[in-house]
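All of the numbers you see were taken from the coordinates with simple rules; none came from a lab. Predicted model only: the values in this text are computed from it and were never measured. Glycine also receives a Cβ, built like all others from the backbone with ideal geometry; neighbour counts cover every protein chain displayed.
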Amino acid sequence: MTRFVTKLAAATAAVALASVPGPASAQTTQAVDEKTGPVSFANVASVRIGNPGSLITETQRSPLSPGQSKLSPDRTVVPRDDGERNTFGDKWDINLGRYGAQSPYPAGIASRDHNVLAALQQTTVPTASVESNYALIDNGHGGTKPADNTVLVLEGAKSAVNCAAPGKTTSSTSVGKIWVRDETGALRPSGASGVDVKGLKLGPPSFVKNENLSKDKTTSDLTVSRVTAFDQLIRQSGWRDGDVTAVAGWKLDIVTHVRDAANKDLREARTTIVLGGVSCAIPKNFVAKPAGGTGPGAAPEQPAVPGTVPAGGIPPQADGSTRTVVGLGLLGGGILIGAAAMLLHRRRKPVPAREK
């Protein structure tokens, strides 16, 4: 029997309330139920590796009262520290849009910050969105600069969900352009609806340990498609669905054919990467609150919640057990915002802002 064990990366999150609404707005603030109420989640990039291991980066969760949770722009790459490299290894990198002096992208693609957001609107409608550029880098290529090692680029990737009502949910997954390194070694545009490539010059992930493998003979099959089901998201147990759920994101399925110098197949290595995974969920009897003249999608009263919980990882396990270490970015922060709003609602008088 497969044993499932979930461990949370030990970390702390600084949650600061820059401002709180006054008595009038506090009286109209209504928290939602944490376990069954409307909720949304957003994640910039997560990976399922090998036999199997998982690396789940910081996940944003919508607050329990109108507000938003946004990923810090300081998260620019996966893996970003030794803990994540213990899971993901050092052979592959995923750039998340921002870069320094040397670009991993084709010429003309500027450095940019991602925008990863989970929100509860004033109407209590949950929404989530992710916008970014992505570059999958194979450090085993041996190029002199990062762009020489890039095998896949998603330029202008966007994913978004909106759960306005049980019969009115929307989801969208789009990309400006997908670039893939072809058989000549050049990065070329390959459309914007998805990719299915055989024989890509992409070496094995780091968990493949075989001294006889040939870098020249080893290739990978790559499929890039849209996330269409909740179970396709790579998520922690706190990331839940509901009676009605909408999902979006890009899914990369990679099968690496590890071969020796004689072109003999040694093994297959499977890796799944989800980029910009988002979801929203509502109960079957959900009814949005009136917009109050501000219109759908109005800016939330509460400020964005600052803070980050570093993510971690557990390497693939030879015994077949599944262990996952995750970064629950701002899940606690969203709960604290909701609790503060309820406290204001009950007291109906100003409460000084505090840092926790």
**Prompt:** For the range 147-266, what mean projected area does the convex hull of the alpha carbons give, in nm²?
**Reply:** 9.7
**Prompt:** Once fully extended, how much extra length lies between ASN212 and THR144, figured as 0.36 nm per residue of separation less the alpha-carbon to alpha-carbon distance?
**Reply:** 22.0 nm
**Inter-label distance for GLU183 and ARG112, nm, one decimal - labels placed 7 Å from Cα along Cα-to-Cβ** = 3.3
**Message:** If I stretch the segment between ASP231 and ASP253 completely, what's the gain in nm (0.36 nm per residue apart, minus their alpha carbon distance), one decimal?
**Reply:** 6.5 nm
**Fill in**
Here the FRET efficiency for ASP82 versus ALA291, based on Cβ atoms and R0 = 45 Å and rounded to 0.05, is 0.40
**Request:** Could you list the residues of the range 231-265 with an amide nitrogen less than 16 Å from a label point located 7 Å from the Cα of THR170 in the Cα-to-C-beta direction?
**Result:** 246-249
**Message:** Per residue of the range 125-138, what does 6.51 cos²θ - 1.76 cosθ + 1.60 with θ = phi - 60° give for ³J(HN,Hα)? Whole Hz please, x for Gly and Pro, Karplus curve as stated.
**Reply:** 6, x, 9, 8, 7, 9, 10, 5, 9, 9, 9, 8, 10, 9
**Message:** At 7 Å along Cα-to-Cβ for each site, give me the label-to-label distance between ALA261 and GLU34 in nm.
**Reply:** 6.0
**Request:** Give the dimensionless ratio obtained when the Cα radius of gyration of the range 55-142 is divided by 2.2 N^0.38 Å.
**Result:** 1.30
